[in-house]
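Written out below as structure tokens is the structure these notes cover.
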Amino acid sequence: MDRTPKTAIRGMMLYVLALLVLGILAGALYTIYGHPGDPSEPPAAAAIQQKGAAPQ
């Protein structure tokens with residue numbers, strides 16, 4: 001087994017290409033939907049009222 005079969009090389013190239021395409025799609029979706037449209041809008045964590053210390 002000195003040589004790698006061509007089908008294995010093709011399979012690895014297909015796998016890497018599929019990961020690349022999925023990464024690009026995930027990045028595009030995050031860019032479009034992952035952050036608020038209005039940057040001046042405060043984050044949701046700032047809108048939540050913080051309660052005082054829990055009673056003992």
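Need pairs with beta-carbon distance below 7 Å; first residue touching a residue at least 60 places away in the same chain (Cβ under 8 Å) and within the range 1-27, second surrounded by 10 or more Cβ atoms within 10 Å (Cβ to Cβ); sequence gap 6+ or separate chains.
Matching pairs, first to second residue: none at all.
Conditions (1) of a type in the set (G, A, S); (2) in contact with a Cys (Cβ under 7 Å, 6 or more places away or on another chain); (3) at pLDDT below 95, marked per residue:
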| residue | (1), (2), (3) |
| --- | --- |
| P5 | no, no, yes |
| A8 | yes, no, yes |
| M13 | no, no, no |
| A18 | yes, no, no |
| G23 | yes, no, no |
| D38 | no, no, yes |
| A47 | yes, no, yes |
| G52 | yes, no, yes |
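The values are calculated or read from the model by the stated rules, or taken from the named source; none is laboratory data. All of these numbers come straight from a predicted model, not from anything done at the bench. All Cβ positions, glycine included, derive from the backbone under ideal geometry; neighbour counts span all protein chains shown.
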